[in-house]
Amino acid sequence: MKSPEKVIPFEFIPDKEGRIITINSENYLLMNDAFYTFYERSIGEFSPFFLAIKNEKRVLGCKCTKCGIIRVPPFVTHCPFCDFAPTELIEVEQVGKMLSTPPITYFASALFLDKAPFGRGRVILNGANTALSAMLYTTTGILVPGLIQKGTEVKVIFRDRRIGEITDIFCVPTAELTPEQIAKKGLQES
């Protein structure tokens, strides 16, 4: 069984030693040290959205009971346009279109180093009125500019190992998938 990932991956933990740097002919010793700020946080009203991704391979939105607007992710429990009419959680489709052409990250920060290269964009899932922020990949190799553009149809893919974060899902162009893969709910990366 694979051991759980750590908050700080081992390869990012520096050795316990220092190095000497010279500034204006003066030597200075720089020592590696740590400042720990680990904490737990509640996902709060977003919990159903992330639990549905993690445990059920579903994407949820919230629908206003008065005007019918569907927001993905379900970031409000009451509609600000309808005098705070309540919203209800609903499952949304897992295919949609890119809201804009995404930027591509080849050289990521430490937080996303293991995920590069990737695109990052907003997808309006079919039936939704707002866009879901998602990472974008290709099944054909390295993501290059122009492969995914505004209006490109994409499919939500679920990672094999999901922990309850937005990076548990990503999107790929439907042009790279079979009709069976496009139609399948909860399509996993494997």
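The values are calculated or read from the model by the stated rules, or taken from the named source; none is laboratory data. In this text, all values refer to a predicted model and were calculated from it rather than measured experimentally. In this analysis, Cβ positions are derived from the backbone assuming ideal geometry, glycine residues included, and neighbour counts consider all displayed protein chains.
Of note:
- Here the strands (runs of 3 or more DSSP E) wholly within region 101-177 that include at least 3 residues being in contact (Cβ under 8 Å) with a residue 60 or more places away in the chain are 153-158.
- Within region 25-46, residues that are closer than 20 Å to ILE166 by Cβ and in contact (Cβ under 8 Å) with a residue 12 or more places away in the chain have Cβ atoms under 7 Å from residues that are surrounded by 10 or more Cβ atoms within 10 Å (Cβ to Cβ) and of a type outside the set (A, V, I, L, M) in these pairs: ILE43/PHE50; GLU45/THR77; PHE46/PRO73, counting only partners at least 6 apart in sequence or on another chain.
- Checking ALA108, ALA183, ALA116 one by one, the residue that is more than 28 Å from CYS67 (Cα to Cα), of a type in the set (Gly, Ala, Ser) and over 18 Å from the mean Cα position of the chain (by Cα) is ALA183 and no other.
- Residue in region 32-52 that is part of a strand (DSSP E or B), at pLDDT 90 or above, under 26 Å from LEU125 (Cα atoms) and of a type in the set (A, V, I, L, M, F, W, C) present: no
- Unique match (being closer than 30 Å to THR178 by Cα, surrounded by 13 or more Cβ atoms within 10 Å (Cβ to Cβ) and either touching a residue at least 60 places away in the same chain (Cβ under 8 Å) or in contact with a Lys or Arg (Cβ under 7 Å, 6 or more places away or on another chain) (or both)) among ILE69, ILE53: ILE53
- In the set (1) crowded, with 17+ Cβ neighbours inside 10 Å; (2) under 15 Å from LEU60 (Cβ atoms), GLU93 fails one condition alone, (1).
- Take the conditions (1) surrounded by fewer than 15 Cβ atoms within 10 Å (Cβ to Cβ); (2) hydroxyl-bearing (Ser, Thr, Tyr); (3) within 14 Å of the chain's Cα centre (by Cα); TYR137 misses just one of them, which is (1).
- Every residue from region 101-122 that is of a type in the set (Gly, Ala, Ser) and closer than 26 Å to LYS185 by Cβ: GLY119, GLY121
- Candidates in region 53-95 are the residues that are among the β-branched types (Val, Ile, Thr), in contact with a helix residue (DSSP H, G or I) (Cβ under 8 Å, 6 or more places away or on another chain) and not in a helix (DSSP H, G or I); of these, the one that is nearest to GLY186 (Cα to Cα) is VAL59.
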